[in-house]
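A short write-up of the structure that comes next.
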Amino acid sequence: MLTGCSLWPKEFADLYRKEGCWRGETFGGMLRERAKSQGKRIAITSGERNISYAELDKRVDRLAAGFQTLGIKKMDRVVVQLPNVVEFFEVCFALFRLGALPVFALPSHRSSEINYFCEFSEAVAYIIPDIYSGFDYRALAREAKSKVCTLQHVIVTGSSEGFLSLTDLYAEPIMNEADVKPGDVAFLQLSGGSTGLSKLIPRTHDDYIYSLRVSDDICRINQDSVYLAVLPVAHNFPLSSPGVLGTLYAGGRVVLSPGPSPDEAFPLIEKERVTITALVPPLALTWLEAIATRAYDLASLQVLQVGGAKFSAEAARRIRPAFGCTLQQVFGMAEGLVNYTRLDDSEETIVNTQGRPMSEYDEIRVVDEDDLDVKPGEVGQLLTRGPYTIRGYYKAEEHNAKAFTSDGFYRTGDLVRVTESGYIVVEGRDKDQINRGGEKIAAEEVENHLLAHEAVHDAAVVSMPDEFLGERSCAFVIPRHQTFTAGELKKFLKARGLATFKIPDRIEFTESFPYTPLGKVSKKALRQIIAEKLAARTTTY
Ligand code: AMP
Ligand code: DBH
């Protein structure tokens, strides 16, 4: 057992097993089984490369042997920061087979996040590309290596510059397999966070594979499905809802897109006869714009999933006419609960709701500030518990006491209402977070970085409305004395190694903050101030 994790109490674990949710599968075993039953079929397409299930299975064994030679063993944590490349899969499955735990960093994370993930998870290894999207990840590795004492290995795909090269690690497979149990934690996923830094989310083989199986069923993923990965695969949505892992679970084919733009994705949809893909709302808007002017044949596309942030009903309504396929709204979270609109739902349900829980064992409550159930149809905070929703973050006892109820419900921080037919409509948020087109920003994390500047007396980060991204971030800053510019402050944050998407889109200097009657900074009032300012600007011009 990984220490620092509170998993499900025995009576729930017993129930989920008895009901057949948890069937005792592991990721290592799943790939082995697919390689046996359909070894010749293609698992992953990347550029001109097609990798069969049998080949993937073999390469995973060889890489696991290489990792083992380095001393990587069961329960070791390994920060994996890879884009949509085949190596992502080989690395993850090799670690799964050893019972070592990938910690899923996103390609957009920088030293501030990476040092923290390595340090907090006491990672023994960090796996990166050499250069991706113009950024040299080896610089991040050099910093992490000098700061984090547990970090023994940096492994690079491509030119390794003195670090270990991933290619050199593939070795003769070792026959004795690690004793990986289905109830073991398989990896640590990231939460967007609402207080301080991102929390780490322990997901077990049992619970995650259950979520894949149900997702596959709802999204009708089978051997003939072709899933195009356009979002970064380490993100929970393209990873599991049903995403790349759900596709592999069903024996389908994953096609890796090097990027999310229509110019990269549309030709791939045509060429590879893609049947399903997943987007965040701003990307869906970009694709809607592009489709009118591009002459690609996208007729193979059956389902376009949109999730990660609220998709407006107006944009949702345009999907079917533009793409000739079914829109599926997906409202999920790396902590567990995923809601889907069903493929045969009415257009009104698909356009106007964020779906309903995928599993009959998902329990949901909508509550007021006193944790009392609101009346049916009223807005409240969504609480949830179930066979694939965690009972606690990794090594976060104090935070867990607040983030979960005493009877194990996760407080999502989402304000929702439930329709008469049991569908969820997301109405807002009761957590100190900005959802920038699907990328989550914990306000407190950015505020702490701002406060590290000697000239900043106080800082408060809030969301501001944005037509394209839904929300952008705005930092209200009270300067201490000397004058400095917003540009300088942004540069300061960048130099501190903060991921670019977390750098405030706008900085407002002010002399004081509005306060609530209880003496807390009123973020609601700040949101209103900036929203009004923006609205005034659009009406003036
Ligand atoms: P995380 O906990 O970091 O995985 O982020 C999950 C959060 O993203 C949810 O709690 C919601 O706040 C937000 N989210 C995900 N999908 C949707 C959606 N379809 N509509 C609105 N919000 C969403
Ligand atoms: O935003 C998310 O985290 C998310 C969205 C859709 C998610 O984790 C998921 C589906 O599984």
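Quick one: Debye curve from the alpha-carbon atoms of segment 55-142 only, equal weights, vacuum; give me log10 I(q)/I(0) at q = 0.11, 0.16, 0.22 Å⁻¹ to two decimals. Each listed q maps to, in turn, -0.28, -0.60, -1.08. When DSSP beta bridges are restricted to pairs lying wholly in the chain, around 55% turn out antiparallel.
Look at the dipole of the chain built from charges on Cβ: of Pro321, Leu169, Gly28, the Cα furthest out on the positive end belongs to Leu169. The three principal axes of the C-alpha atoms in segment 121-273 carry coordinate ranges of 47, 45, 41 Å, sorted with the longest axis first. Work from the charge dipole of the chain (Cβ charges, +1 for Lys and Arg, -1 for Asp and Glu, about the Cα centre) and give the residue of Tyr210, Phe120, Ala525 farthest towards its positive end. Result: Phe120, furthest along the dipole toward the positive end.
A simple spin-label model places the labels of Asp224 and Cys149 5.9 nm from each other, with each point 7 Å out along Cα-to-Cβ.
The alpha carbons of the chain occupy a box of 67, 56, 55 Å along the principal axes, longest dimension given first. When you work out D = kT/(6 pi eta Rh) for segment 402-505 at 10 °C and 1.306 mPa s, using the Kirkwood radius from C-alpha pairs as Rh and the Stokes-Einstein form, the result is 102 µm²/s. Radius of gyration (Cα atoms) of segment 394-460, expressed as a multiple of 2.2 N^0.38 Å: 1.49.
Tell me, Kirkwood radius of segment 109-192 from alpha-carbon pair distances, in Å?
Numbers: mean 1/r = 0.0691 Å⁻¹.
So the Kirkwood estimate lands at 14.5 Å.
Our summary gives segment 419-525 a relative contact order of 22 percent, counting only alpha carbon pairs under 8 angstrom and 6 or more residues apart. Here the ratio of the Cα radius of gyration of segment 362-439 to 2.2 N^0.38 Å is 1.12. Relative to one another, the C-alpha centroids of segment 36-113 and segment 7-22 are positioned 29 Å apart.
What is the order of Ile174, Ile221, Ile529, fewest Cβ neighbours within 10 Å to most? Working shown, then result.
Values: Ile174 15, Ile221 26, Ile529 19.
Listed from fewest to most nearby Cβ atoms, that is Ile174, Ile529, Ile221.
Which number gives the lysine pairs in segment 25-114 that have C-alpha atoms under 23 Å apart and are eight or more places apart or on different chains? Don't skip to the end; give the middle numbers.
Numbers: Lys36/Lys58; Lys40/Lys58; Lys58/Lys73; Lys58/Lys74.
Taking the Cα cut-off of 23 Å, the pair count is 4.
Place the peptides 90-96, 369-375, 494-500 in order of packing, highest mean first, counting for every residue the other Cβ atoms within 10 Å and averaging per peptide. Each step should come with its number before you reach the end.
Values: 90-96: 25.6, 369-375: 10.3, 494-500: 16.1.
Going from most to least packed, we get 90-96, 494-500, 369-375.
Counted over segment 147-186 with a bin width of 10 Å, the fraction of Cα pairs per bin, in whole percents, is 22, 26, 42, 11.
Show me 448-454, 423-429 ranked by packing, highest mean number of other Cβ atoms within 10 Å first. List each step's numbers first, then the result.
Values: 448-454: 16.0, 423-429: 18.6.
Final packing ranking: 423-429, 448-454.
Can you give the charge dipole size of segment 201-322 about its Cα centre, rounded to the nearest 20 debye, using +1 on the beta carbon of Lys and Arg and -1 on the beta carbon of Asp and Glu?
Approximately 200 debye in magnitude.
Computed from label points 7 Å out along Cα-Cβ, the spacing between Ile131 and Asp344 is 5.3 nm.
Here the peptides 2-10, 239-247 are ranked by packing, the mean other Cβ count within 10 Å, and the order with the highest first is 239-247, 2-10. When shorter helices are ignored and each DSSP H run of at least 4 residues is given -39500 (n - 2.57), the per-residue value for the chain at 222 nm works out to -10000 deg cm²/dmol.
Under a Cβ-only charge scheme (Lys and Arg +1, Asp and Glu -1), can you give me the dipole magnitude of the chain about the Cα centre, in debye to the nearest 20?
Values: 63 positive and 72 negative charges, 143 e Å.
That gives the chain a dipole magnitude of about 680 debye.
Size descriptors for segment 277-351 (Cα atoms only): Rg and Dmax, in that order, 12.2, 40 Å. Between amide H atoms placed 1.01 Å from N, distances below 5 Å from Gln433 occur with Ala443, all of them 5 or more places distant or on a separate chain.
On the basis of the beta-carbon distance and an R0 of 41 Å, Leu451 and Lys36 show a calculated FRET efficiency of 0.15.
To the nearest 20 Debye, how big is the dipole of segment 484-541 about its Cα centre, given +1 on the beta carbon of each Lys and Arg and -1 on that of each Asp and Glu?
On the way: 12 positive and 5 negative charges, 55 e Å.
Computed about the Cα centre, the dipole is about 260 debye.
Mean sequence separation of contacting Cα pairs (under 8 Å, at least six apart), scaled by the length of the chain, corresponds to a relative contact order of 12 percent.
Using only alpha carbon pairs under 8 Å that are at least six residues apart, calculate the relative contact order of segment 109-224 and give it in whole percent.
Numbers: 130 pairs, mean separation 18.5, N = 116.
Averaging sequence separation for qualifying contacts and normalising by length gives 16 percent for segment 109-224.
Of the residues His399, His109, His457, the one with the fewest other Cβ atoms within 10 Å heads the list, and the complete ranking is His457, His399, His109.
Any read-out appearing in this document is the output of simple, stated calculations on the displayed coordinates, not a laboratory observation. Keep in mind that this is a model prediction, so the values were computed, not measured. Cβ coordinates were reconstructed from backbone atoms using ideal geometry, including for glycine residues, and neighbour counts include every protein chain displayed.
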